[in-house]
């Protein structure tokens with residue numbers, strides 16, 4: 001009797017695990033995305049972090065030409081920056097969205113679409129953790145280009161899930 | 001009692017295994033297709049839904065009917081793992097504005113009995129809802145407007161109706 005109950009429970013647990021587990025795409029782009037989701041050391045800034053993020057979220061626009069990526073924002077701490085490498089890009093995203101040193105960002109529901117042999121887009125939901133109150137959620141679109149065998153980010157764009165006309 | 005136990009557990013381990021597998025399969029299909037389990041995170045739907053509460057989303061709700069004003073729905077972002085839970089306030093083709101915390105739809109004040117706290121600093125200029133759009137807001141109007149995610153969204157973003 002005990003064996004039967006244990007077997008039943010094990011099967012139910014396995015199915016529940018399958019149901020609630022994430023379905024990760026295992027390709028180069030996903031690996032790059034995972035590397036982006038690490039936590040980074042950013043300058044500590046305790047001045048009204050949530051408001052700072054709210055302002056940035058509303059106005060930040062990431063765009064690029066080839067490998068020169070820059071950011072425009074109304075955030076008073078980050079007016080405009082020119083970025084030429086991935087490391088600076090990561091730091092800039094973090095700086096733009098937080099002043100918290102324990103800030104992490106997870107990319108969920110990643111949908112990767114190859115538009116051509118050397119171009120791809122990634123549509124996902126970024127979840128920022130590390131704030132005292134709620135997590136911050138933002139739908140984003142990342143454009144990749146394959147240059148000399150490596151997938152490089154060329155554009156990161158915020159997508160407005162729900163919008164109001166200001 | 002013995003009969004009930006025999007039906008549930010069975011006398012044969014093979015049969016028990018098959019029954020458990022079938023049960024797990026049915027459970028998996030139900031929970032991944034038309035009854036999505038979810039957890040509410042955050043305070044934007046308080047007091048209706050508390051932070052951390054569990055809910056079920058019926059993805060078949062709007063196969064035969066259109067979303068109605070007052071329905072609590074789930075709105076997908078890039079996929080179904082992270083969704084917004086919000087209440088539909090305005091339907092396609094309507095005009096909406098917020099004046100001192102009160103919602104006006106087509107210039108008529110909208111009665112919202114589910115709201116407990118109302119921040120009178122909520123003001124929003126008139127929004128026109130297109131034919132393929134809906135407008136949704138959370139029930140917690142006591143929180144500051146800049147910290148509350150709300151607005152118009154495309155109807156194909158609706159995943160389903162929240163059952164409870």
Item checked: Spacing of the two label points (7 Å from each Cα toward its C-beta) at residue A:10 and residue B:163, in nm -> 3.1
Item checked: Theoretical gain in end-to-end length, residue B:23 to residue B:130 [0.36 nm per residue, Cα-Cα removed] -> 34.1 nm
Next item on the list: Work out the mean other chain Cβ neighbour count within 10 Å for the residues of A:116-127 and drop it here as an integer.
Entry: 2
Next item on the list: Mind pulling the angle between the C-alpha long axis of helix B:13-33 and the longest principal axis of chain B? Nearest 10 degrees, somewhere in 0 to 90.
Entry: 10
Note to self: Distance between the C-alpha centers of region B:105-152 and region A:134-166? Whole Å please.
What the structure shows: 27
Check: Using the 10 angstrom Cβ neighbour count as an exposure proxy, how do B:62, B:114, B:84 rank, fewest first?
Finding: B:114, B:62, B:84
Notebook entry, point to check: Taking region B:1-157, how much of its Cα-Cα pair set, in percent, is spaced more than 22 angstrom apart?
Noted result: 52
Item checked: Most mobile listed residue (B:19, B:95, B:87) in chain B, GNM with C-alpha springs under 10 Å -> B:19
Margin query: Sort A:107, B:60 by Cβ crowding within 10 Å, fewest neighbours at the top.
Written below: B:60, A:107
Check: Extension gain residue B:91-residue B:155, at 0.36 nm per residue separation less the Cα-Cα distance, in nm?
Finding: 22.0 nm
Checklist line | Ascending count of other beta-carbon atoms within 10 Å, so fewest first, for A:152, B:163, B:77 | finding: B:163, A:152, B:77
Item checked: Of B:106, B:11, B:80, the one that fluctuates the most in a GNM where chain B has Cα springs shorter than 10 Å -> B:11
Next item on the list: Provide a whole-number value for the mean count of partner chain Cβ atoms within 10 Å of the Cβ atoms in peptide B:66-79.
Entry: 3
Notebook entry, point to check: With each pseudo-label sitting 7 Å past Cα toward Cβ, what's the residue B:116-residue B:30 distance in nm, one decimal?
Noted result: 3.1
Notebook entry, point to check: In µm²/s, what is D for region B:25-102 at 4 °C and 1.567 mPa s, where D = kT/(6 pi eta Rh) by Stokes-Einstein and Rh is the Kirkwood radius from Cα pairs?
Noted result: 90
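Read-outs throughout are calculated quantities, based only on the coordinates presented, and are distinct from any laboratory measurement. On a predicted model such as this, the values are computed, not experimentally measured, just so you know. Note: ideal-geometry Cβ built from the backbone for every residue, glycine included; neighbour counts use all protein chains shown.
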